[in-house]
Amino acid sequence: MSRERLLEELAGYLPHNDVERIMMVRMRRFVESNSDCFSPALEAGHITGGAWILDRTHRYVLLTHHRKLDKWLHLGGHADGETDGLAIALREAREESGLIDVRALSDKIFDLDVHPIPARGSQPAHDHYDLRYLLEADREIPLIVSSESKALAWAELAAIRAWTTEASILRMADKSPQ
């Protein structure tokens, strides 16, 4: 996906609510204004790829206890030179979980979010413009925790509020297919 293709996808994206609509406008402006929007070297922020991984029953979602942010979140990360949001999400899903057989349920953006990342070391505070994709994997396959996580867990969607209060995670849970 090129920057132009991303702008086309964002133009056709239907936000879930007003909060996501505001973030979509922010993301479009960011992509329009920054030809290097996929580069993590862009100090103001950059495009990231998120993986919302459901099990095959669609009753569970795979969450990571993020090491740096100390929160239960979806998997995902930096573009690292890739400009295809789905390819980023699939790569990050595999790298952060050890799951090889992860498949996309759609090639369309499932959710989008703009969220601040605090300054850390020499890296200034910046925003992640997260393109999130709906993926599926077998919950019975053993998981491998990466260095970016403290733990991985399959969380029951019906009990997601026991894992997190993050509004964007709760939004994705609400949007998840049954």
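Derivation of every value follows stated rules applied to the coordinates shown; laboratory data play no part. Treat the numbers as computed from the prediction; the structure is a model and nothing was measured. In this analysis, Cβ positions are derived from the backbone assuming ideal geometry, glycine residues included, and neighbour counts consider all displayed protein chains.
Brief remarks follow.
- Each residue of the stretch 13-20 was assigned a 3J(HN,Hα) from its phi angle through the Karplus curve 6.51 cos²θ - 1.76 cosθ + 1.60 (θ = phi - 60°); the sequence is 6, 9, x, 6, 7, 5, 4, 5 Hz, with glycine and proline shown as x.
- Look at the alpha carbon pairs under 8 Å that are at least 6 residues apart: their mean separation over the length of the stretch 3-175 gives a relative contact order of 26 percent.
- With Cα atoms, 0 to 90° folded angle of helix 85-97 axis to the chain main axis: 40 degrees
- Choice from S35, S168, S122 with maximal GNM fluctuation in the chain (Cα, 10 Å cutoff): S122
- Distance from the C-alpha centroid of the stretch 134-178 to that of the stretch 8-46: 24 Å, rounded to the whole angstrom.
- Tilt relative to the chain, helix 3-12 - C-alpha long axis, 0 to 90 degrees, to 10: 70 degrees
- Footprinting exposure proxy ranking of T164, T57, fewest other C-beta atoms within 10 angstrom first, gives T57, T164.
- Once the C-beta distance of V25 and R3 is scaled by a Förster radius of 22 Å, the resulting FRET efficiency is 0.85 to the nearest 0.05.
- Net charge, R132 excluded, C-beta distance under 12 Å - Lys, Arg +1, Asp, Glu -1: -2
- Normalised by the number of residues in the stretch 84-178, the mean separation of alpha-carbon contacts (under 8 Å, six or more apart) gives a relative contact order of 28 percent.
- In the chain, the DSSP-assigned H stretches of four residues or longer account for a calculated mean residue ellipticity at 222 nm of -8500 deg cm²/dmol, using -39500 (n - 2.57) per stretch and the full residue count as denominator.
- A straight Cα-to-Cα reach below 13 Å connects K68 with the aspartates and glutamates E148, residues fewer than 8 places away in its own chain not being considered.
- M172, M24 arranged by Cβ crowding within 10 Å, fewest neighbours leading: M24, M172
- For the stretch 1-91, averaging the sequence separation of C-alpha pairs within contact (under 8 Å, six or more residues apart) and dividing by the residue count gives a relative contact order of 26 percent.
- Placing pseudo-labels 7 Å out from each Cα toward the beta carbon at A41 and H58 gives an inter-label distance of 4.3 nm.
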